[in-house]
Amino acid sequence: MRATQFGIGAIAIGLGIATVAFCTWVFLDRLTNPDGTDSGVLVRRGTGVWNYCAAETVGIRWRNAEQTTSLRVPRENLGGSEGDWSDESTSGLCELAESPIRTGALAVGWPTPWILWRFSADSALQSFPPWPETADSVESLKRAVARVLAGEGRVTMTGRTAWAGAFATTLSSVAWWIIVQALVRAHRGRRATRRAELE
């Protein structure tokens, strides 16, 4: 009995991981027109000034930023959504560092992202990520998705995406465990009925 439960658990976990991976692919492959776009100036730590643009659709978030200059700006003028931007590589979606000169992040998952791809450009000769001040947010999002589907981008796990991924996988695995458990019990019930009929 324990071996059976272990097997059911292993199958459920495998199906849970596969479900999250499949949902990720569906979000990317079935890209819909963004529900909203945004652009403006973002200030970090009172010194780093960045132009940014953003776009979102169901299950996908795109963030793109470029450092423009170093100006002393009051912290209360901080722009952008909290949690989307980070001075460190381990938190936030879009990494804001002095190098590269342009950065982008494509986050996938619903209702909150569970996987993140980052892009960077350290030369003006590189066209992607684009320059936020002149880029079309919608087109930038589509280009980012196309690049991810082509195997480009750097997969990055942040604290936010790791917890979201673990939660999504756990939830999916529990659902599969219930389904597999019900199927096993139904199969046992049918087998017991057949044995009773033969006796």
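The values are calculated or read from the model by the stated rules, or taken from the named source; none is laboratory data. Remember, it's a predicted structure, so these values are computed and weren't measured experimentally. Note: ideal-geometry Cβ built from the backbone for every residue, glycine included; neighbour counts use all protein chains shown.
Annotations
- Output for the stretch 158-189, where each listed residue is touching a Phe, Trp or Tyr at 6+ places or on another chain (Cβ under 9 Å) and surrounded by fewer than 18 Cβ atoms within 10 Å (Cβ to Cβ): Ala162, Trp163, Ala166, Phe167
- Taking the stretch 2-20 as the range and being surrounded by 12 or more Cβ atoms within 10 Å (Cβ to Cβ) and modelled with pLDDT under 80 as the test, the residues that pass are Gln5, Gly7, Ile8, Gly9.
- Annotation note: of Ala144, Ala150, the sole residue that is within 23 Å of Thr32 (Cβ to Cβ) and either of a type in the set (Ser, Thr, Tyr) or crowded, with 21+ Cβ neighbours inside 10 Å (or both) is Ala144.
- Test result for Gly159, modelled with pLDDT under 85 and touching a Ser or Thr at 6+ places or on another chain (Cβ under 6 Å): yes
- Of the strands (runs of 3 or more DSSP E) lying entirely inside the stretch 89-178, none contains at least 2 residues that are under 26 Å from Cys23 (Cα atoms), touching a residue at least 12 places away in the same chain (Cβ under 8 Å) and of a type in the set (Lys, Arg).
- If the condition is being part of a strand (DSSP E or B) and either over 20 Å from Pro132 (Cβ atoms) or at pLDDT below 75 (or both), then the stretch 38-57 contributes Leu42, Val43, Arg44, Gly48.
- Residue within the stretch 21-37 that is modelled with pLDDT under 85 and part of a strand (DSSP E or B) present: yes
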